[in-house]
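A.B. asks: Here's a structure for you.
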Amino acid sequence: MTTIEHKAATTLSVRGCFLFARGWLKRFPLSIIQLMMRVGVGLVFFNAGLLKYRSFEFAVKLFEDEYKVPVLAPAVAARLAMFNELTWPIFLFLGLATRIATLPLLGMITVIQIFVYPSAWPDHLLWGSILVFLLTRGAGELSLDHLISRFFEKRQ
């Protein structure tokens, strides 16, 4: 076998392996990825809400001293943030009204990025990308949204 033939055979086998792997990975269910995205980003917000709930006075102090969100009083901002962080992730976990649930969380990310932690853009970009994906593509088949949709499709 000449060097050229050996390179051609190696290239074909590497290309063949790549195509096989790509085809195999394409079969991985998108609904599982969507579920993992919902749970992953939901946990980030839910854990932050639990911290505020467990020590609300400390949360208000953070809003006074560090976060300094404009327009809202620190206690109001802390309560609003805690409500958003404890409510909407539950909707994400269940896959219920997923597209609606992403909107307040995207709003929170925007406020935090602009007014509180502008240098934390890598985290905000990651969380925002996941939420935008869920907003535009929905919760997937492993969700209450999907079950509700199927129920109404059957009734028509």
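Values in this text are rule-based calculations from the coordinates and carry no lab data. If you're wondering where the values come from, they're calculated on a predicted model, not measured in any experiment. For neighbour counting, all protein chains shown are included, and Cβ atoms are generated from backbone atoms with ideal geometry for every residue, glycine included.
A.B. asks: Hey, which aspartates and glutamates would be in cross-link range of Lys52, C-alpha to C-alpha under 18 Å, not counting anything within fewer than 8 residues on its own chain?
C.D. replies: Cross-link targets: Glu64, Asp65, Glu66, Glu85.
A.B. asks: Note down the magnitude of the dipole of the chain about its Cα centre, charges +1 on Lys and Arg C-beta and -1 on Asp and Glu C-beta and zero elsewhere, to the nearest 20 debye.
C.D. replies: With only Lys, Arg, Asp and Glu charged at Cβ, the dipole is about 640 debye.
A.B. asks: Going highest first, how would you order 97-106, 143-152 by mean Cβ packing within 10 Å?
C.D. replies: Going by the mean number of other Cβ atoms within 10 Å, highest first, we get 97-106, 143-152.
A.B. asks: Can I ask one more? Pairing the Cα long axis of helix 30-54 with the longest principal axis of the chain, what angle in degrees results, from 0 to 90 and rounded to the nearest 10?
C.D. replies: 20
A.B. asks: Rounded to the nearest 500, what is the 222 nm mean residue ellipticity of the chain from helices alone, with -39500 (n - 2.57) per DSSP H run of 4+ residues and division by all residues?
C.D. replies: Computed ellipticity for the chain at 222 nm equals -26000 deg cm²/dmol.
A.B. asks: What percent does the relative contact order of the chain come to when contacts are Cα pairs within less than 8 Å and at least six residues apart?
C.D. replies: 26
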